[in-house]
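Structure first, then comments.
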Amino acid sequence: MRKTTLLALLTLFVAGIPASAKEFRLYYLGGQSNMDGYGKVAELPADLKAGKGYEGVYIFHGNMGLDGQKPDGRGAWMPLKPGHGRNFKSDGSKHTYSDRFGLELTLAHTLKKHHPDAHIAFIKYSRGGTAIDSKAEAQKRFGAWDPEWNGGKGEGKGINQYDHFQATLRNALADKDLDNDGEKDTLIPSGIFWMQGESDAGTEEVASRYEANLSRLMNLIRRDLGGTSAGETPVVIGRITDWKVWKFGGIVREAQASFVRGDNHAALVTSTDSYKNSDPWHYDTAGYLDLGEKFGEALVSIGKNPGK
């Protein structure tokens, strides 16, 4: 496979760290627009607006890139706050926060509830509309995560969403002092949160390949984070809804469930079916608040039942 692992970089990152350095539990947040986040910051409860319940949680939110363009992935480690939703942007130092948020707020709140003394770090890279399969119609407009896609020209040849994720990860790992306290920190790969699949549900042919595509991608991301492709790093999958806007969503939904059944370190969040929508494709604010909580609880459940 032409893609290179980031395991060597992570190994260098953790080498030689002083005993006084902090250990951060590292989680990756990825997928398409329901991972981007369409919850309205103005509708957040007062405590979440004020940052209560997720103090000390840091996030590196990578800048989005298009298929066929040189990898971007710019961002910076900053304390988590509302605004990491649709249209968030970063130039590598300055952030343009959004009036929207995703599942990261209540996810952080839930993880801190179970591990109050833990230091937590999120790496977020997602892009609305993206498929995994490069043969999906959505690839032409939004992009795809297929590691073997070889379209594009020049510096952008073969560059897709997986490459932009890897660029985000490289940039995040290059900063060895997340909280700027003068000490090198270490990141312990602790979980992957994946909310995606709608754009693979447009045709039966593409939907039928979803389980194999998902399995390969999750194992690549596990490896890149510093785990192994054998599956030790927990993965939580958000089930796409049964809304009729994706014709072959039922095939993708079953593929997601089948992936989780066959993976000893994976869990499926199914509460999405109960959410109201703010438009034909996205959840409302209450849905994102619940989704983050359910993702966090699902990850904790994997830890309590390893190997199921």
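Values in this text are rule-based calculations from the coordinates and carry no lab data. Model, not experiment: these values are computed from the prediction. Cβ atoms come from the backbone with ideal geometry, glycine included; neighbour counts cover every protein chain shown.
Placing R0 at 45 angstrom, the Cβ-Cβ distance between residue 118 and residue 141 gives a FRET efficiency of 0.70 after rounding to 0.05. Look at the alpha carbon pairs under 8 Å that are at least 6 residues apart: their mean separation over the length of segment 72-190 gives a relative contact order of 23 percent. The local environment of residue 251, defined by Cβ-Cβ distances under 11 Å, has a net charge of -2 under the rule Lys, Arg +1 and Asp, Glu -1. In a DSSP loop and with at most 12 other Cβ atoms within 10 Å, the GluC sites (Glu not before Pro) in segment 44-149 are 55, 148.
Explain nothing, just the number: relative contact order of the chain, from Cα pairs under 8 Å at least 6 residues apart, as a whole percent. Mind showing how you got there, number by number?
Values: 720 pairs, mean separation 73.1, N = 308.
Once normalised by length, the contact order is 24 percent.
When the Cα positions of 270, 189, 120 are compared along the charge dipole of the chain, 189 comes out farthest toward the positive end, with charges on each C-beta of Lys, Arg, Asp and Glu. Summary of packing: across the peptides 111-117, 285-291, 34-40, the per-residue average of other C-beta atoms within 10 Å ranks them, highest first, as 34-40, 285-291, 111-117.
Taking a Cβ cut-off of under 13 Å around residue 156, the surrounding Lys, Arg, Asp and Glu residues balance to a net charge of -1, with basic ones at +1 and acidic ones at -1. Checking the Cα-Cα distances for 52/81; 135/276; 112/294 against a 19 Å cut-off, the pairs over it are 135/276. Remark on the chain: ratio of C-alpha radius of gyration to 2.2 N^0.38 Å is 0.92. When the charge dipole of segment 32-304 is built from unit charges on Cβ atoms (+1 for Lys and Arg, -1 for Asp and Glu) and taken about the Cα centre, the candidate among 96, 174, 214 whose Cα reaches farthest toward its positive end is 96.
Size of the dipole of segment 32-304 about the Cα centre, Lys and Arg at +1 and Asp and Glu at -1 on the beta carbon, nothing else charged, in debye to 20?
With only Lys, Arg, Asp and Glu charged at Cβ, the dipole is about 320 debye.
Filter the chymotrypsin sites (Phe, Trp or Tyr not before Pro) in segment 174-249 to those in DSSP coil with at most 16 other Cβ atoms within 10 Å of their Cβ, and list the result. Numbers along the way, then the final one.
Working: sites: 193, 194, 210, 243, 246, 248; in loops: 243, 246, 248.
Qualifying residues, ordered by number: 243.
Using only DSSP helix segments of four residues or longer, with each worth -39500 (n - 2.57), what per-residue ellipticity at 222 nm results for the chain after dividing by its residue count and rounding to 500?
Working: 9 runs with 95 residues, N = 308.
Taking each H run of at least 4 residues, the total per residue is -9000 deg cm²/dmol.
The stretch between residue 209 and residue 188 holds 4.4 nm of extra length on full extension. This uses 0.36 nm per residue minus the Cα-Cα distance. Modelled spin labels at residue 94 and residue 175, positioned 7 Å past Cα toward Cβ, are 1.6 nm from each other.
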